[in-house]
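Bear in mind that the values in this text are calculations on the coordinates, not laboratory data. As the structure is a computational prediction, the values presented were derived from the model and not from experiment.
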Ligand SMILES: Cc1cc2nc3c(=O)[nH]c(=O)nc-3n(C[C@H](O)[C@H](O)[C@H](O)COP(=O)(O)OP(=O)(O)OC[C@H]3O[C@@H](n4cnc5c(N)ncnc54)[C@H](O)[C@@H]3O)c2cc1C
């Protein structure tokens, strides 16, 4: 069997590439070892967001692209992506002053082309008492702006459904075993239903998320390895103790922590812990739990959590290797090819759930020189997701 593109991984990036490739008329096979969105794509903060905090690290291109994609997803997936007002309280000892926040939110709005969903306001002091018992001692200002929430796994399944409706094939559970690259493409071996299968592809796309670099060891000749590391982000799922959404500054290290009502629970996250083990075994650690609960308790002293009613999960970011805190590092997607012209292998890791559609188009543009001309079937910017 011969395909134009074989994709490894049915997370959001693999599903996105499959959808874009099928829409462009290519024949596509997706291999997924477990289930759709089994990896990072079900363990995110579930935001379709512009990434306000990336303004501080100068990632303006990423913020602009994210805001554009958010607008598109609000249109394509109204049942899966909803706008929610987020509150940012600013205290006398906060790392950012009201002036800095207002400047950041204004730039955010500008990058969104002044779209109405990027508006922001200041919550009048008289309304602070309506904010779930938020600590008001030393409080200077509360900003309200908008981000969109989703169900990350449901969104990934919807993108994969769209890909399949356009003709993409999904083998599941099917585990990629090895690839052998030659002049014209790649021979791919995988297991499914206890049997080994062989297929031929013009291009192999490695979208295996936190498994991606380990997987490259099973490809010959040995492809270049992107210099990345895994950074764990844990979340707690708590009883619905808050009615509003907040973006808080963790007292321990001043990182941003989201407290978001989500599916009748409170989603609280996230952390940053270097991870070196088996990606399948990532889980919330005790000190991560303590860090998140301390942040919540600091701002909402009246909130009491029964430990018996608490769930947790942890996802792994694939970030460029680097010095210093993970939050300062680029969140742009990382793409690596086996050769610059006519690549036969593209590894695609990191990036955002929010920008999966734009990322998929960039990935296709990278591998298009290795593929024959096909008649496009659709534009992913017009395909509803449900
Ligand atoms: C804590 C955290 C919070 C985040 N929050 C947000 C957010 O709020 N908004 C946002 O936009 N982005 C967010 N992100 C980023 C976003 O979640 C990720 O960029 C995205 O989910 C990565 O998707 P992926 O498809 O690359 O990887 P994954 O979802 O991990 O998918 C990889 C898939 O490959 C499969 N696979 C692996 N090996 C094999 C093999 N040998 N054979 C077959 N299949 C294989 C796995 O089973 C898995 O399903 C967050 C990330 C983290 C870690």
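Placing one identical point scatterer on every Cα of the chain and ignoring solvent, what is log10 I(q)/I(0) from the Debye formula at q = 0.07 Å⁻¹?
Per q value, in the given order, log10 I(q)/I(0) is -0.33.
Please pull out the direction-averaged projected area of region 126-254, using the convex hull of its alpha-carbon atoms, in nm² to one decimal place.
Computed as one quarter of the Cα hull surface, the answer is 13.8 nm².
Find the Cα radius of gyration of region 58-214, compare it with 2.2 N^0.38 Å by division, and give the number to two decimals.
Cα Rg divided by the expected 2.2 N^0.38 Å: 1.55.
How much of the DSSP bridge set in the chain is antiparallel, in percent, rounded to the nearest 5?
Looking only at bridges with both residues in the chain, the antiparallel portion is about 75 percent.
Mind telling me which of 114, 160, 335 comes out most flexible in a GNM of the chain, alpha-carbon contacts under 10 Å?
Most flexible of the set in this elastic network: 114.
Could you give the spread of the C-alpha atoms of region 80-160 along their three principal axes, from largest to smallest, in whole angstroms?
For region 80-160, the Cα spread along each principal axis is 48, 30, 23 Å.
Can you give the direction-averaged projected area of the convex hull of the alpha-carbon atoms in region 56-121, in nm²?
So the mean shadow area of the Cα hull is 5.1 nm².
Please grab the % of Cα pairs in region 218-296 that end up more than 22 Å from each other.
Tail of the P(r) past 22 Å holds 37 percent of the pairs.
Kindly express, to the nearest 10 degrees and within the range 0 to 90, the angle between helix 12-23's C-alpha long axis and the longest C-alpha principal axis of the chain.
50 degrees
If one takes the longest principal axis of the Cα atoms in the chain, at what angle in degrees, from 0 to 90 and to the nearest 10, does the Cα axis of helix 152-165 lie?
Between helix and principal axis, roughly 30 degrees.
Rg and Dmax in Å for region 148-192, alpha carbons only: what are they?
Computed over the Cα atoms of region 148-192, radius of gyration and Dmax are 14.9, 45 Å.
Based on C-alpha coordinates, I'd like the Rg and Dmax of region 249-386, in Å.
Expressed in Å, the Cα Rg and Dmax of region 249-386 come to 20.1, 63.
Output needed: percent of Cα pairs per 5 Å distance bin for region 282-333, bins running from 0 to the one holding the longest distance.
4, 15, 18, 19, 17, 13, 9, 5, 0
Mind jotting down the distance between the C-alpha centroids of region 363-386 and region 74-151, whole Å?
36 Å
At 222 nm, what value in deg cm²/dmol follows for the chain if DSSP H runs of at least 4 each add -39500 (n - 2.57) and the sum is divided by all its residues, to the nearest 500?
-7000 deg cm²/dmol
For region 311-350, what is the convex hull (Cα atoms) projected area averaged across all directions, in square nanometres?
Averaging across all directions leaves 4.4 nm² for the Cα convex hull.
Per residue and in Å³, how big is the convex hull formed by the alpha-carbon atoms of region 2-128?
158 Å³
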